[in-house]
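Peer 1: Dropping the structure in here first, questions after.
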Amino acid sequence: MDNDRKQHHNARMQRKKAVVDAAIERAQDTRGIVILITGNGKGKTTSAFGTLYRALGHGQHPGIVQFIKGTQPTGEVTFLQQCAAGADLPYHAMATGFTWNTQDWDADKRAADEAWSNAAQMLCDPSIDLVLLDELTYMLKYNYLDTEEVVRTIRARPPMQTVIVTGRAARPELVDLADTVSEIADHKHAFKAGVKAQAGIDF
Ligand code: ATP
Ligand code: MG
């Protein structure tokens, strides 16, 4: 790179640094937030668990509710249960009773209500730093849970508690509620090219 271009590059980086420094200076609040990871692309649940592992690394106490029927245990949950064996890690999965396949509304509703009552307990416990509500969006989309009640309960949580919600088709009320919203786009997925779901990558 010649000297002129180097100087131009340095000046540009200096301007960029000033903008970034000013933004860092402006962000002074410390509080729990709501993170929504939505969209049709792969990476919502794995992103949420990445953040949860990050919190664990700082000695924080997360809780997890999974709002789907798991057909097989996923690597992220198995690993967590192995690591946290003996530790107090509140976890509830809507594993039994949820019957997408048989379309039994009453059984689904009972399972959704039970999962939500576990979530609601975590959402009023200030000793839980991070509440992961995996696939919650579908409970609202299909009206298994009341959107207004869910939003109200999340809003009323302890001020330092962070909530992560994942799932496609998030209702606008959830988008409004969230402080951070990431929408993962589905540009390509190996499954559509005939690659079978693989342990360690897809579950
Ligand atoms: P992951 O758990 O891998 O982060 P996700 O939470 O974004 O994925 P879900 O809709 O919960 O996605 O579906 C989970 C499963 O479906 C995973 O096995 C994932 O690989 C697969 N999957 C996710 N997105 C797509 C897609 N766009 N096309 C096909 N399969 C997908
Ligand atoms: Mg998911």
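Peer 1: Which ones in the stretch 130-167 are within 12 Å of ligand 2 (Cβ to nearest atom) and hydrophobic (A, V, I, L, M, F, W, C)? Show your work before the answer.
Peer 2: Initially, the stretch 130-167 is screened for residues within 12 Å of ligand 2 (Cβ to nearest atom), giving 132-138, 164-167.
Of everything in the stretch 130-167, those that are within 12 Å of ligand 2 (Cβ to nearest atom) and hydrophobic (A, V, I, L, M, F, W, C) turn out to be 132, 133, 136, 164, 165.
Peer 1: Please specify each residue of the stretch 130-139 satisfying the condition of being surrounded by 24 or more Cβ atoms within 10 Å (Cβ to Cβ) and either among the charged types (D, E, K, R) or within 15 Å of ligand 1 (Cβ to nearest atom) (or both).
Peer 2: Selection gives 132, 133, 134, 136, 139.
Peer 1: Determine, yes or no, whether residue 32 is part of a loop (DSSP other than H, G, I, E, B), in contact (Cβ under 8 Å) with a residue 60 or more places away in the chain, away from ligand 2 (no atom under 16 Å from the Cβ) and on the phi < 0 side of the Ramachandran plot.
Peer 2: It is true that residue 32 is part of a loop (DSSP other than H, G, I, E, B), in contact (Cβ under 8 Å) with a residue 60 or more places away in the chain, away from ligand 2 (no atom under 16 Å from the Cβ) and on the phi < 0 side of the Ramachandran plot.
Peer 1: Sort out which residues of the stretch 168-182 are more than 13 Å from residue 150 (Cβ to Cβ) and within 14 Å of ligand 2 (Cβ to nearest atom), and write them in order of number.
Peer 2: 168, 169, 182
Peer 1: Here's a follow-up. Looking only at the stretch 188-203, filter to residues that are touching a residue at least 24 places away in the same chain (Cβ under 8 Å) and exposed (fewer than 10 other Cβ atoms within 10 Å of the Cβ); which one of those is farthest from residue 79 (Cα to Cα)?
Peer 2: 199
Peer 1: Only one of these conditions is not met by residue 39: (1) small (Gly, Ala, Ser); (2) away from ligand 2 (no atom under 12 Å from the Cβ); (3) at positive phi; (4) touching a residue at least 24 places away in the same chain (Cβ under 8 Å). Which number is it?
Peer 2: It fails just one condition, (2).
Peer 1: Of 172, 159, which residue is in contact with a Lys or Arg (Cβ under 9 Å, 6 or more places away or on another chain) and over 18 Å from residue 117 (Cβ atoms)?
Peer 2: 159
Peer 1: Would you say residue 185 is on the phi < 0 side of the Ramachandran plot, of a type outside the set (D, E, K, R), surrounded by fewer than 16 Cβ atoms within 10 Å (Cβ to Cβ) and within 16 Å of ligand 2 (Cβ to nearest atom)?
Peer 2: Numbers: on the phi < 0 side of the Ramachandran plot: yes; of a type outside the set (D, E, K, R): yes; surrounded by fewer than 16 Cβ atoms within 10 Å (Cβ to Cβ): yes; within 16 Å of ligand 2 (Cβ to nearest atom): yes.
So residue 185 passes the test.
Peer 1: Would you mention how many residues in the stretch 42-90 are assigned to a loop (DSSP other than H, G, I, E, B) and within 16 Å of ligand 2 (Cβ to nearest atom)?
Peer 2: Matching residues across the stretch 42-90 total 10.
Peer 1: Right, residue 63: under 28 Å from residue 166 (Cα atoms), modelled with pLDDT of 95 or more and buried (at least 18 other Cβ atoms within 10 Å of the Cβ) or not?
Peer 2: Against the criterion (under 28 Å from residue 166 (Cα atoms), modelled with pLDDT of 95 or more and buried (at least 18 other Cβ atoms within 10 Å of the Cβ)), residue 63 qualifies.
The values are calculated or read from the model by the stated rules, or taken from the named source; none is laboratory data. The structure presented is a predicted model; accordingly, all values stated were derived computationally and were not measured. Here Cβ is always computed from backbone atoms with ideal geometry, including for glycine, and neighbour counts include all displayed protein chains.
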